[in-house]
Amino acid sequence: MLAVVPPPVTVRVPAKVNLHLACGDLREDGYHDLTTLFQALSLTDEVTVAVAEEPGVEVHGEGAAQVPAGPENLAWKAVRALAAHVGRDPDAPGVRVTINKGIPVAGGMAGGSADAAATLVGLAALWRLEIGRDELSTIAAELGSDVPFVLQGGTALGTGRGEQLVPVLARHTYHWVIALDREGLSTPTVFRELDRLRAEGNPPRIGAVEPVLEALASGDPRQLALLLGNDLQAAAVSLRPGLRRTLRAGVNAGALAGIVSGSGPTCAFLCTDADSAVRVAAELSGAGVCRTVRVAQGPVAGARVVTDDSAR
Ligand code: C5P
């Protein structure tokens, strides 16, 4: 009898921006305690998982050449972790992962984490697993601090390494312009630079998260813009001084405020509305301060299957 091969599954997964990222001191395990507000943005990767005789990962699209396609790719680590979790052989999972990048690589927007989250959701469908989101989220947290958030999407408060999440009500849609830099920044390097700046002096730390939660509840982008903050920004700017110019250019172009996204170097600009975002994007792309710009909205959903069943 012929075995029935399940059809491939495609998952769309968002990038994230941190509206607020308060970073504690270095812990003994090499991580930092964070209090952070994540928002999922409509800048997405698409990840397809398929049963394959030749297993592995392939990467296409935005910055694909910089992404490892071997076992060190976080999506492949997700394949191995889920296989082990459900009693399959992690060394012979028999699947191929195809990643189409839309999220900037090494940009501080959780691009690698997004691919891992999408792979978990895709495989759960491909292998028809009876597995809840909470169980997937536990595996996600072992893969990386941002993986649980991009799995969940929306807007959420993250604590611990950033992996402990509480959803936050954000009824409004916010309009963003995203400025992509020419080269990525390594997350551990940016955290180390913050430790160095703190050992040398006392760079200011951002305030409490509560006012940011109130601004989100109000739905007024002007109120939120005043409160955007990121402790990693000083470190990213110290490593990449040109970001100062990018941040200034976005505000000069009419954005309400600009912020380095996570560990950078991507900058995110909050705008009053969709029209304003299009105008800011046009002006910023002409200013010569970044490689390219994108318009995005948030919050959006987390990793979800988008395979078009009607096309089968
Ligand atoms: O968890 P993830 O593998 O994404 O983290 C990448 C790196 O970022 C860590 O190795 C660590 O250097 C740094 N990091 C940190 N504190 C966090 C999250 C990440 O220092 N809360």
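The numbers here are math on the coordinates, done by the rules we state, and not lab data. Just so you know, these numbers come straight off a predicted model, no measurement behind them. So basically every Cβ, Gly included, is an ideal-geometry build from the backbone, and we count neighbours across all protein chains shown.
Points worth noting:
- Shape category assigned to the range 232-309 from the gyration tensor of Cα positions, a/c cut at 1.5: oblate
- Placed amide H near residue 174: partners under 5 Å, 5+ positions off or other chain: 298
- Here the spin labels are modelled as points 7 Å beyond Cα on the Cα-Cβ line, and at residue 91 and residue 244 they lie 5.4 nm apart.
- Neighbours of residue 183, meaning other residues whose beta-carbon lies under 13 angstrom from its beta-carbon, give a summed charge of +2 when Lys and Arg score +1 and Asp and Glu score -1.
- Rounded to whole Å, the principal axis extents of the Cα atoms in the range 97-142 read 34, 21, 12, largest first.
- Helix 243-252 axis, angle to the chain major axis (alpha carbon atoms, nearest 10°): 70
- Relative exposure of 172, 20, 60, judged by other C-beta atoms within 10 Å (fewest first): 60, 172, 20
- Count Lys and Arg as plus one, Asp and Glu as minus one, and take only other residues whose Cβ is under 10 Å from that of residue 99; the net charge is then -3.
- In the range 44-141, the DSSP beta bridges split such that about 50 percent are antiparallel, to the nearest 5.
- Per DSSP, loop trypsin sites (Lys or Arg not before Pro) in the range 4-103 with at most 16 further Cβ within 10 Å: 27
- This ranking places 260, 251 by how few other beta-carbon atoms lie within 10 Å of each, fewest first, which gives 251, 260.
- Residue of 92, 110, 281 that the Gaussian network model of the chain assigns the largest fluctuation, springs spanning Cα pairs under 10 Å: 92
- Rounded to 10°, Cα long-axis angle of helix 187-200 versus longest principal axis of the chain: 30
- Structural size metrics of the range 5-164, computed from C-alpha coordinates, are Rg and Dmax of 15.2, 50 Å.
- In the chain, Rg over Rh equals 0.98, where Rg is the alpha-carbon radius of gyration and Rh the Kirkwood radius from pairwise Cα distances.
- Kirkwood's formula applied to the C-alpha pairs of the range 1-65 gives a hydrodynamic radius of 16.0 angstrom.
- Burial ordering of 41, 19, 239, 180, fewest other beta-carbon atoms within 10 Å first: 239, 180, 41, 19
- Taking trypsin sites (Lys or Arg not before Pro) across the range 195-270, the ones in a DSSP loop with at most 15 further Cβ atoms lying within 10 angstrom of their Cβ are 205.
- In the range 174-298, the convex hull through the Cα atoms has an average projected area of 7.4 nm², a quarter of its surface area.
- Spacing of the modelled spin labels on residue 252 and residue 29, each 7 Å from Cα toward Cβ, amounts to 4.5 nm.
- GNM result for the chain, Cα springs below 10 Å: residue of 70, 154, 262 fluctuating most strongly: 70
- When the helices of the chain are scored as -39500 (n - 2.57) per DSSP H run of n ≥ 4 and the total is divided over every residue, the value at 222 nm lands at -10000 deg cm²/dmol.
- Largest-first principal axis extents of the Cα set of the range 130-230 (Å): 51, 35, 30
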